[in-house]
Amino acid sequence: MTVVRDVFVAPDRLHEFVASATMALGLSAADAAIVAASLVEADLRGVHTHGVAALPGYARRLRGGGVNPRPRIAVAVESAATAVIDGDNGLGQVVGRFAMDQAIARAREYGIGSVTARNSSHFGAAAHYASMALAHDMIGFASTSAGNRIAPIGGKTAVVGNNPVAWAIPSGLERPIVLDMAQSVVAAGKLGFAARRGERIPIGWALDRDGKPTDDPVAGAAGLLVPIGGPKGFGSALVVDILCGALSGAAIGRELASPHQPDAPSRLGHFFIAIDVARFVPIDDFKRRVDRMVRDIHESEPTEPGTPLYLPGEIEWRLREERARRGIPLLESVVADLRGLADELGLDAAGLLGV
């Protein structure tokens with residue numbers, strides 16, 4: 001049996017590594033810091049599918065011309081509370097940060113800001129952008145289109161992505177509620193991590209090329225993801241595809257290229273909302289009621305005595321607090337990939353990562 005070990009890396013060292021690597025790949029220092037913050041935050045919260053493991057893939061796209069390292073991101077269309085952002089084929093983290101900042105600024109002035117983005121690429125964890133609203137006492141929403149991985153129910157041709165969405169809800173004394181979910185049973189990256197660990201996957205996660213259930217992560221990665229809740233998940237994925245694509249002018253459906261293709265723009269789209277709570281109800285009242293709801297859920301009766309009951313994002317908040325102290329555990333294979341990338345870029349991996 002293969003023994004898989006973790007290597008612990010300090011968050012600040014990981015941030016410095018990602019920033020150094022992306023600058024070596026052509027990003028500005030400011031944009032490199034944005035990408036590093038997104039990837040490290042995902043790993044801190046235990047969302048390793050959207051953490052530094054994605055960096056070598058981004059590097060291939062930056063080198064191959066699939067992503068523009070120096071985009072001229074601009075507001076293409078706007079009204080008072082809305083905007084369409086043209087990402088100029090930049091990294092999704094940079095485009096997403098710009099767009100969510102726009103949504104927050106418009107919400108501050110008009111109570112709500114709704115912003116779409118086009119000509120973008122994979123933006124990492126949706127929760128990262130939704131959570132930007134929390135510091136402003138706002139509700140945040142973020143969503144993105146993705147490469148086509150889900151077939152209509154009964155079909156075997158992928159026609160929509162798993163198109164994740166995230167909501168972030170401010171609270172008072174309790175932790176904020178952060179819901180981040182793809183429209184598939186699991187994110188595609190979990191198949192890759194299962195393959196890295198030499199593990200089978202549960203039946204119900206993925207289908208092979210023939211549309212048949214599989215427990216082989218490699219066959220699942222080459223096939224289809226299973227939509228969460230069957231037709232409900234497929235329908236939700238379709239709606240998100242339209243909000244992120246048709247509403248922004250981004251690619252949609254069959255127009256989408258794979259977000260991992262090294263030499264072609266993926267033309268992904270995003271959709272963001274920021275809501276200024278105080279324009280609806282006093283913020284202190286809102287936070288107090290959210291806190292009470294959180295406590296009511298924690299105090300509700302579990303099926304098995306002593307079983308903790310969690311709200312969306314709560315496990316991630318706890319992991320973040322622990323990993324900020326102890327360091328971020330990375331698979332040895334992920335660290336090996338980072339060292340390989342550092343060698344290609346002429347960087348000192350050991351000096352940057354400290355391992």
Scan the range 281-316 for residues that are in a helix (DSSP H, G or I) and buried (at least 16 other Cβ atoms within 10 Å of the Cβ) and report the count.
7
Here are 246, 278, 250: which of them is touching a strand residue (DSSP E or B) at 6+ places or on another chain (Cβ under 8 Å) and either surrounded by fewer than 16 Cβ atoms within 10 Å (Cβ to Cβ) or in contact (Cβ under 8 Å) with a residue 12 or more places away in the chain (or both)?
250
Verdict on residue 142 being touching a Gly at 6+ places or on another chain (Cβ under 8 Å) and without any contact (Cβ under 8 Å) to a residue 40 or more places away in the chain
no
Can you name every residue in the range 71-101 that is among the polar types (S, T, N, Q) and crowded, with 16+ Cβ neighbours inside 10 Å?
82, 89, 93
Residue 116 vs (1) crowded, with 23+ Cβ neighbours inside 10 Å; (2) more than 27 Å from residue 81 (Cβ to Cβ): all pass except (2)
Can you tell me how many residues in the range 337-351 are at pLDDT 95 or above and either assigned to a helix (DSSP H, G or I) or over 20 Å from residue 23 (Cβ atoms) (or both)?
9
Checked pairs for the range 312-337, first under 13 Å from residue 6 (Cα atoms), second part of a loop (DSSP other than H, G, I, E, B), C-beta under 7 Å and 6 or more apart or across chains, list as 327/10; 331/4; 332/5; 335/355
Consider residue 126 carefully, then state whether it is in the same structural domain as residue 79 (by the TED database), under 15 Å from the mean Cα position of the chain (by Cα), within 20 Å of residue 252 (Cα to Cα) and crowded, with 24+ Cβ neighbours inside 10 Å.
yes
Only residues that are β-branched (Val, Ile, Thr), in contact (Cβ under 8 Å) with a residue 12 or more places away in the chain, over 13 Å from residue 268 (Cβ atoms) and touching a strand residue (DSSP E or B) at 6+ places or on another chain (Cβ under 6 Å): list them for the range 71-91, please.
75, 82, 84
Need the failing condition index for residue 193 against (1) of a type outside the set (Lys, Arg); (2) surrounded by 21 or more Cβ atoms within 10 Å (Cβ to Cβ); (3) closer than 21 Å to residue 45 by Cβ, just the number.
(2)
Only one of 6, 43 is in contact (Cβ under 8 Å) with a residue 12 or more places away in the chain, surrounded by 23 or more Cβ atoms within 10 Å (Cβ to Cβ) and among the charged types (D, E, K, R). Can you tell me which?
43
Can you tell which of 329, 262 is of a type outside the set (A, V, I, L, M), within 20 Å of the chain's Cα centre (by Cα) and over 21 Å from residue 122 (Cα atoms)?
329
Filter the range 240-259 for residues that are outside any loop (DSSP other than H, G, I, E, B) and within 18 Å of the chain's Cα centre (by Cα) and give the result.
240, 241, 243, 244, 245
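The values are calculated or read from the model by the stated rules, or taken from the named source; none is laboratory data. The model shown is predicted, which means the values in this text are computed figures rather than measured ones. Cβ coordinates were reconstructed from backbone atoms using ideal geometry, including for glycine residues, and neighbour counts include every protein chain displayed.
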